[in-house]
Amino acid sequence: MPWRRRRNRVSALEGGREEEAPPEAAAVPPALLTSPQQTEAAAERILLRGIFEIGRDSCDVVLSERALRWRPIQPERPAGDSKYDLLCKEEFIELKDIFSVKLKRRCSVKQQRSGTLLGITLFICLKKEQNKLKNSTLDLINLSEDHCDIWFRQFKKILAVMEYEGHALSLLKECELQGFDGGHRKPLFAIHWSVQRLFTGMQTLEPSVVCVGGDGSASEVAHALLLRAQKNAGMETDRILTPVRAQLPLGLIPAGSTNVLAHSLHGVPHVITATLHIIMGHVQLVDVCTFSTAGKLLRFGFSAMFGFGGRTLALAEKYRWMSPNQRRDFAVVKALAKLKAEDCEISFLPFNSSDDVQERRAQGSPKSDCNDQWQMIQGQFLNVSIMAIPCLCSVAPRGLAPNTRLNNGSMALIIARNTSRPEFIKHLKRYASVKNQFNFPFVETYTVEEVKVHPRNNTGGYNPEEEEDETASENCFPWNVDGDLMEVASEVHIRLHPRLISLYGGSMEEMIPK
């Protein structure tokens, strides 16, 4: 961000009443133009212009339709004085990076009311390294009540972007919100103090749903939003071929043990970054999958694992009295000790990247199966992963599916065939390194649009000769869907639906305007 923040204590600058700029003021005065970017900004209409103290300098401040610009006021000097030009270098912030504004006052014990006016404080979102965002402030100091009132009302007008009231209520009033607790998942209501401060007085948040939790909680809320959208569209929710997009965007603040979804969205599991993406309205359209069996919808989701991944989660669910990291590690070790392959038949539809097909699918048009070439593989599989997002996390910094994206209209199908336990462990360890985790003869990867996983035995891996099979109910197979356990006895059909939900996040270059 091309502006410097001075941390020195400043004194107030008395200023007179500043009138709003006339509508015909259509450009920044030539005296303020010192770069090509500033020349381009000259076409912006000026909204206000006045004097404020910023840091230790009295500054000429210009508010246009896209940016706030300021330049220190210096005594007149001969033209071409390079030292003068350096001292008077213009600084600016873009209005899209401002998310709140308040009047800055100094209060004392003797004052009964709001205190002495000092000026205006702007709350700003800045981009840091490694996809992180941070919040900062800029103080515009001026003691004039009339002067600050005009500027304050103009900033409030710019930030007032609410479409209409009641939008969120109309969508969620029939949802069973208490179901999001899940009984065993402790809901998190306490947010880091700095996040609470960011939301206080915030002006730019549009109607949306914000979830504070892990992958399971986030997936449940996304599932509920999509179900609500189908009901509002008058669609039957048991059998969905072409679901409609969720009406409200979903914000995710990571508070779980893995945070795969939030990490994939933001590039980093950082609470402040996630909160600022929500406040700033950075919306990213994301692909979603439907999971169904025998034509009946089971749930919406973003990723799934069958075999080792499902059995590991089923084991972990039986040890919830442990801490999240402890039960995860314990379940992995125990699942490896009882490693077994599943006899499966896997059918999949390869991804067709032609523009006309993708446009038709993006518009929700049904596909013609007669022209689609399904492929089938059979055998003994240790693990099957189907992922519509990269699935970044601390144990897999490159992602469980590094070759897919959030909204490229395809899924990654990753299959680990039966092999020895040491070789499978080598494959798992590769996820935590920079090496290619798929460079093994028993690992196969495909880019697909649909997948059908059909176990060819109907006992759910249950062995009556063992005292206890802790990983699955009898006649059911465990699936790990976004960190939630799903047990199914028969074939599961996974179908991708492009850009079905809007989530807050993504890189700054990939933001999609609402």
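Only the coordinates and a few stated rules stand behind these numbers; no lab work does. Note that the structure is a prediction, hence the values are computed from the model and not measured. With ideal geometry, Cβ positions are generated from the backbone for all residues, glycine too; neighbour counts draw on all protein chains shown.
Using a 7 Å offset from the Cα along the Cα-to-Cβ direction at both SER353 and ASN436, what is the distance between the two label points in nm, to one decimal?
It works out to 1.7 nm between the two label points.
Grab the Cα-Cα distance for ASP146 and THR447, subtract it from 0.36 nm times how many residues apart they are, and report the gain in nm with one decimal. Intermediate results must be reported in sequence, preceding the final value.
Numbers: separation 301, 0.36 × 301 = 108.36 nm, distance 6.20 nm.
Additional length available on full extension: 102.2 nm.
How would you classify the stretch 279-348 from its alpha-carbon gyration tensor, with a ≥ b ≥ c the square roots of the eigenvalues: rounded for a/c under 1.5, else prolate if a/b is greater than b/c, otherwise oblate?
Values: a/c = 2.47, a/b = 1.24, b/c = 2.00.
Oblate, because a/c is 1.5 or more while a/b does not exceed b/c.
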